[in-house]
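Colleague: Have a look at this one before I ask anything.
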Amino acid sequence: MKILVTGSAGHLGEALMRTLRGTEHEAIGLDLLDAPFTSHVGSIADRGFVERSMAGVQAVVHTATLHKPHVGTHSRQDFVDTNITGTLNLLEEAVAAGADRFLFTSTTSAFGRALTPAPGQPAAWITEEVTPVPRNIYGVTKAAAESVCELFQHRFGLPCLILRTSRFFPEADDQKAMRDAYDDSNLKLNEFLYRRADIEDVVSAHMAALDRAPAIGFGRYIISATTPFTRDDLAELRADAPAVVARRAPGYAAEYERRGWRMFPSIDRVYDNQRARDELGWRPRHDFAAVVDRLRRGEEMRSELARAIGSKGYHEEEFAEGPFPTE
């Protein structure tokens, strides 16, 4: 199968290209940047370029996007051009080329304000049934692009699956208070409990979705590490997260104490990946307990694939207030 991967110079795009090139599939990469895994250099907002790149393509894995870190440096029109018009161009040309599956990499950021409960309320249990309430132009355009995918599946029968991925980037946190309060690895490991995934698992979710797309037709899926929590934990998670973690992931405390790490005092949302595991047959390997066990054995926290890709950053320049400016 000939597969077009957009955003092939980015974290996920490169990870997918590395993985697909080890399979029987023919993978071609598309990106604005000329990079080792990019064969078509140009913008998805350019319909003619997209048409030329789609020749013979049977499947599209669309990861290219303007991200949240670009909100402070790019205009809202830039976000519309890339995230909505670019997605529309790819869908139009995928249909014209006779492709039989389309994957759209979306984001849990699309849920926006639905992720933050009111003060005094339990943590939010986030499934695909939660209605997004985007908080910025990034979330708005990703949610809109999801709807365009749904329209094309309904109108043209093009199987479209949407994967709403949680955090998998290795870059430093965007909030200065969090960077100051926690060692970076401590912060990221805490997030595996409720809002982070290793990129190896994100790739395996896309591979599973490629296989299942024709049979499913259309679906949205949360892609995040499997949480040890249940809905019964939500009130206590908001009030005393360490107590819940000690109960659900016994043994973590000794490794944290050895490293001088701390658990977050409160957790405000939990991503539930059950639908992706059930419908895609996805089997994520990297959850909180697995990563703690690796650290206990003196091994690397991140997967080999994550280490191979490393950190890319989102901007050429550096910003005094953090890794990227806020809106």
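The values are calculated or read from the model by the stated rules, or taken from the named source; none is laboratory data. Because the structure is predicted, anything quoted here is derived from the model rather than measured. Glycine gets a Cβ as well: all are built from the backbone with ideal geometry, and neighbour counts include every protein chain shown.
Colleague: Could you tell me how many of the residues in the stretch 65-90 are in contact with a Leu (Cβ under 7 Å, 6 or more places away or on another chain) and either surrounded by 20 or more Cβ atoms within 10 Å (Cβ to Cβ) or more than 12 Å from residue 141 (Cβ to Cβ) (or both)? So that I can check it myself, show each step before the final result.
Modeller: Let us first name the residues in the stretch 65-90 that are in contact with a Leu (Cβ under 7 Å, 6 or more places away or on another chain), namely 74, 78-79, 82-83.
The next check asks that each one be either surrounded by 20 or more Cβ atoms within 10 Å (Cβ to Cβ) or more than 12 Å from residue 141 (Cβ to Cβ) (or both); those that pass are 79, 82-83.
The qualifying residues number 3.
Colleague: Hey, among the residues in the stretch 1-19 that are in contact with a Leu (Cβ under 9 Å, 6 or more places away or on another chain) and aliphatic (A, V, I, L, M), which one's farthest from residue 203 (Cα to Cα)? Give the derivation first.
Modeller: Restricting attention to the stretch 1-19, the residues satisfying the condition of being in contact with a Leu (Cβ under 9 Å, 6 or more places away or on another chain) are 1, 3-10, 13, 15, 18-19.
Pick out the ones that are also aliphatic (A, V, I, L, M) and you get 1, 3-5, 9, 15.
Details: 1: 17, 3: 14, 4: 15, 5: 12, 9: 15, 15: 7 Å.
Here the residue is 1.
Colleague: Continuing with the same structure: Suppose the filter is within 22 Å of residue 201 (Cβ to Cβ), out of contact with any Ser or Thr (no Cβ under 7 Å at 6 or more places or on another chain) and in a loop (DSSP other than H, G, I, E, B); does residue 23 pass it?
Modeller: yes
Colleague: Condition first: of a type in the set (A, V, I, L, M, F, W, C), outside any loop (DSSP other than H, G, I, E, B), closer than 30 Å to residue 194 by Cα and in contact with a helix residue (DSSP H, G or I) (Cβ under 9 Å, 6 or more places away or on another chain). Can you find one or more residues in the stretch 43-59 that meet it? Give the derivation first.
Modeller: Our first condition is that a residue be of a type in the set (A, V, I, L, M, F, W, C); within the stretch 43-59, this holds for 44-45, 49-50, 54-55, 57, 59.
The next check asks that each one be outside any loop (DSSP other than H, G, I, E, B); those that pass are 49-50, 59.
Still in the running and closer than 30 Å to residue 194 by Cα: none.
No: the stretch 43-59 contains no residue that is of a type in the set (A, V, I, L, M, F, W, C), outside any loop (DSSP other than H, G, I, E, B), closer than 30 Å to residue 194 by Cα and in contact with a helix residue (DSSP H, G or I) (Cβ under 9 Å, 6 or more places away or on another chain).
Colleague: Quick one: in the stretch 141-159, which of the residues that are crowded, with 17+ Cβ neighbours inside 10 Å and free of Cβ contacts under 8 Å to residues at least 60 places away in the same chain is farthest from residue 306 (Cα to Cα)?
Modeller: Checking each candidate, the answer is 159.
Colleague: Tell me, which residue of the stretch 257-271 that is within 16 Å of residue 186 (Cα to Cα) and crowded, with 19+ Cβ neighbours inside 10 Å is nearest to the chain's Cα centre (by Cα)? I'd like the intermediate steps shown before the answer.
Modeller: At the first step, the residues of the stretch 257-271 found to be within 16 Å of residue 186 (Cα to Cα) are 257-267.
Among the residues that remain, those that are also crowded, with 19+ Cβ neighbours inside 10 Å are: 263-264, 267.
Numbers: 263: 23, 264: 22, 267: 20 Å.
So the residue we want is 267.
Colleague: Report, by residue number, each residue of the stretch 1-28 that is more than 22 Å from residue 95 (Cα to Cα), among the charged types (D, E, K, R) and surrounded by fewer than 22 Cβ atoms within 10 Å (Cβ to Cβ).
Modeller: Residues satisfying the conditions are 18, 21, 24.
Colleague: Looking for something over 27 Å from residue 51 (Cβ atoms) and either among the acidic types (Asp, Glu) or in contact (Cβ under 8 Å) with a residue 60 or more places away in the chain (or both) - is there at least one such residue anywhere in the stretch 97-110?
Modeller: Checked the stretch 97-110: at least one residue is over 27 Å from residue 51 (Cβ atoms) and either among the acidic types (Asp, Glu) or in contact (Cβ under 8 Å) with a residue 60 or more places away in the chain (or both).
Colleague: For residue 243, indicate whether it is loosely packed, with under 14 Cβ neighbours inside 10 Å and either in contact with an Asp or Glu (Cβ under 7 Å, 6 or more places away or on another chain) or at pLDDT 95 or above (or both). If you could, list the steps in order and put the result at the bottom.
Modeller: Values: loosely packed, with under 14 Cβ neighbours inside 10 Å: yes; either in contact with an Asp or Glu (Cβ under 7 Å, 6 or more places away or on another chain) or at pLDDT 95 or above (or both): yes.
Yes.
Colleague: May I pose another question? What is the number of the single condition among (1) part of a helix (DSSP H, G or I); (2) within 26 Å of residue 311 (Cα to Cα); (3) modelled with pLDDT of 95 or more that residue 79 does not meet?
Modeller: Evaluating residue 79 over (1) part of a helix (DSSP H, G or I); (2) within 26 Å of residue 311 (Cα to Cα); (3) modelled with pLDDT of 95 or more leaves (3) as the failure.
Colleague: Report the residue count in the stretch 109-125 for those that are outside any loop (DSSP other than H, G, I, E, B) and crowded, with 23+ Cβ neighbours inside 10 Å.
Modeller: At the first step, the residues of the stretch 109-125 found to be outside any loop (DSSP other than H, G, I, E, B) are 109-115, 124-125.
Filter once more, so that each one left must be crowded, with 23+ Cβ neighbours inside 10 Å: 110-111.
Result for the stretch 109-125: 2.
Colleague: Being in contact with a His (Cβ under 8 Å, 6 or more places away or on another chain) and surrounded by fewer than 23 Cβ atoms within 10 Å (Cβ to Cβ) is true for just one of 171, 200, 191. Which residue is that?
Modeller: Numbers: 171 fails: in contact with a His (Cβ under 8 Å, 6 or more places away or on another chain); 191 fails: in contact with a His (Cβ under 8 Å, 6 or more places away or on another chain).
Of 171, 200, 191, the one residue that is in contact with a His (Cβ under 8 Å, 6 or more places away or on another chain) and surrounded by fewer than 23 Cβ atoms within 10 Å (Cβ to Cβ) is 200.
Colleague: Follow-up question, since we're still on this one. Residues in the stretch 142-173 that are farther than 17 Å from residue 262 by Cα and in a loop (DSSP other than H, G, I, E, B): how many?
Modeller: Residues that pass the stated criteria total 9.
Colleague: Identify the residue in the stretch 182-217 that is in contact (Cβ under 8 Å) with a residue 60 or more places away in the chain and among the small types (Gly, Ala, Ser) and, among all such residues, is nearest to residue 125 (Cα to Cα).
Modeller: Step by step, filter the stretch 182-217, then rank; the result is 197.
Colleague: Moving to a separate point now. Quickly run through the stretch 242-272 and pick out the residues that are part of a loop (DSSP other than H, G, I, E, B) and among the charged types (D, E, K, R). Quick ask: steps written out before the conclusion?
Modeller: So in the stretch 242-272, the residues part of a loop (DSSP other than H, G, I, E, B) come out as 249-251, 260-268, 272.
Across the stretch 242-272, the qualifying residues are 262, 268, 272.
Colleague: Moving on. Considering only the stretch 29-39, state which residues are among the hydrophobic types (A, V, I, L, M, F, W, C) and surrounded by 20 or more Cβ atoms within 10 Å (Cβ to Cβ).
Modeller: Just the residues of the stretch 29-39 that are among the hydrophobic types (A, V, I, L, M, F, W, C), to begin with: 30, 32-33, 35, 37.
Hits for the stretch 29-39 are 30, 37.
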